[in-house]
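**Q** One structure, as structure tokens, below. Some questions next.
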Amino acid sequence: MEKLEMLYEGKAKKVFKTDEDNQYIVEYKDDATALNGLKKGTIVDKGIMNNTISSKLFELLEQKGIKTHYIKKLSDREMLVKKVEIVPIEVLVRNYAAGSLTKRYGIPEGTKMDSTILEYCFKNDELGDPFINEYHIKAMKLAEESEVDTIAKSAFRINEILIDLMKNINIDLVDFKLEFGRTPDGEIILADEISPDTCRLWDADTHEKLDKDRFRRDMGKVEEGYMEVVRRILG
Ligand code: UDP
């Protein structure tokens, strides 16, 4: 497998072509951003920790029948993935109130929701990833109705699997963000990453935050939070 030219550089990852037509290499960086890119920083070895966590979670999801872009972990910071076209929608899944939900609706942080909340954002940095609904998605041709159906069903199933998995390592899965991709055959599969950058993870007993909120809110012990997730996930 040969790593060829960089195709894309995002806030937390780089994507490279390979000598295989339908395979890309994702490289995880230590750069951290928050507040729509306003706050910038570095989380030491975040790339290594997120690649480890994401790889393990994709493997466990695959074992439960979820189709993902993950092929294998190549190195500390590199993951081999299937080539997809990212659907420009961020899918947010919420089990407890936190972040923007608490602000929008005045629900105290940590309130357990009676049922799971699914939300969509238009993936567009300049616009600050605004919230959208199924009608926007259809009218703006971001995805077919059948694709949105697949995405929503998959997101709920992924939530069930991840809640269970996290419960086993004494973590409450507060909320998380997913991105899906279209393969060259037009199949919708889970893509991007699942890590403390994209999930809110709280210790089930102490409610200590083990995710990017430590960086967003300058709480300190950011690396320690991510490392704790690595430690528990690797068992
Ligand atoms: N999230 C993310 N990327 C984004 C926006 C949100 O990974 O661009 C994740 C975030 O880490 C949290 C969940 O999605 O786990 C819900 O985020 P929220 O809407 O509360 O936004 P935030 O408070 O993170 O701005």
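The values are calculated or read from the model by the stated rules, or taken from the named source; none is laboratory data. Not measured: the values here are computed from a predicted model. Please note: Cβ atoms are built from the backbone with ideal geometry, for glycine as well, and neighbour counts cover all protein chains shown. These accessible areas exclude ligands, DNA and RNA; they are computed on the full protein's heavy atoms, side chains included. Shrake-Rupley method; radii C 1.70, N 1.55, O 1.52, S 1.80 Å.
**Q** Which residue out of 163, 169, 189 is more than 24 Å from residue 231 (Cα to Cα) and in contact (Cβ under 8 Å) with a residue 60 or more places away in the chain?
**A** Within the list 163, 169, 189, the selection yields 189.
**Q** Next up: Among the numbered conditions (1) within 18 Å of the chain's Cα centre (by Cα); (2) at pLDDT 95 or above, tell me where residue 19 comes up short.
**A** The one condition residue 19 does not meet is (1).
**Q** Filter region 187-207 down to the residues that are in a loop (DSSP other than H, G, I, E, B) and surrounded by fewer than 19 Cβ atoms within 10 Å (Cβ to Cβ) and list them by number.
**A** Scanning region 187-207 gives 187, 204, 205, 206, 207.
**Q** Does region 28-60 hold any residues that are open to solvent by 40 Å² or more (accessible area, probe 1.4 Å) and under 20 Å from residue 179 (Cα atoms), and which are they?
**A** Result: 31, 35, 36, 56, 59, 60.
**Q** Which of (1) of a type in the set (Val, Ile, Thr); (2) surrounded by fewer than 22 Cβ atoms within 10 Å (Cβ to Cβ); (3) within 13 Å of the ligand (Cβ to nearest atom) does residue 174 not meet, given it meets every other one?
**A** All conditions are met except number (2).
**Q** Do you know which of the residues in region 98-114 that are more than 9 Å from the ligand (Cβ to nearest atom) and among the small types (Gly, Ala, Ser) is farthest from residue 173 (Cα to Cα)?
**A** Result: 106.
**Q** Turning to a different aspect of this structure: Out of all the residues in region 137-186, which are in a helix (DSSP H, G or I) and of a type in the set (Ser, Thr, Tyr)?
**A** Across region 137-186, the qualifying residues are 146, 150, 154.
**Q** Just one of (1) surrounded by 15 or more Cβ atoms within 10 Å (Cβ to Cβ); (2) over 15 Å from residue 200 (Cα atoms) trips up residue 101, so point out which.
**A** Among (1) surrounded by 15 or more Cβ atoms within 10 Å (Cβ to Cβ); (2) over 15 Å from residue 200 (Cα atoms), the lone unmet condition for residue 101 is (2).
**Q** Looking for something under 25 Å from residue 151 (Cα atoms), open to solvent by less than 20 Å² (accessible area, probe 1.4 Å), within 16 Å of the ligand (Cβ to nearest atom) and in a loop (DSSP other than H, G, I, E, B) - is there at least one such residue anywhere in region 212-233?
**A** No, because not a single residue in region 212-233 is under 25 Å from residue 151 (Cα atoms), open to solvent by less than 20 Å² (accessible area, probe 1.4 Å), within 16 Å of the ligand (Cβ to nearest atom) and in a loop (DSSP other than H, G, I, E, B).
**Q** Can you find, within region 116-138, the residue that is nearest to the ligand (Cβ to nearest atom) among those that are hydrophobic (A, V, I, L, M, F, W, C) and surrounded by fewer than 17 Cβ atoms within 10 Å (Cβ to Cβ)?
**A** 131
**Q** Another question, if that's okay. Filter region 184-206 for residues that are small (Gly, Ala, Ser) and within 16 Å of the ligand (Cβ to nearest atom) and give the result.
**A** Within region 184-206, 191, 195 qualify.
**Q** Quick check on this structure: which one of 3, 17 is open to solvent by 30 Å² or more (accessible area, probe 1.4 Å) and in contact with a Leu (Cβ under 7 Å, 6 or more places away or on another chain)?
**A** Only one candidate qualifies: 17.
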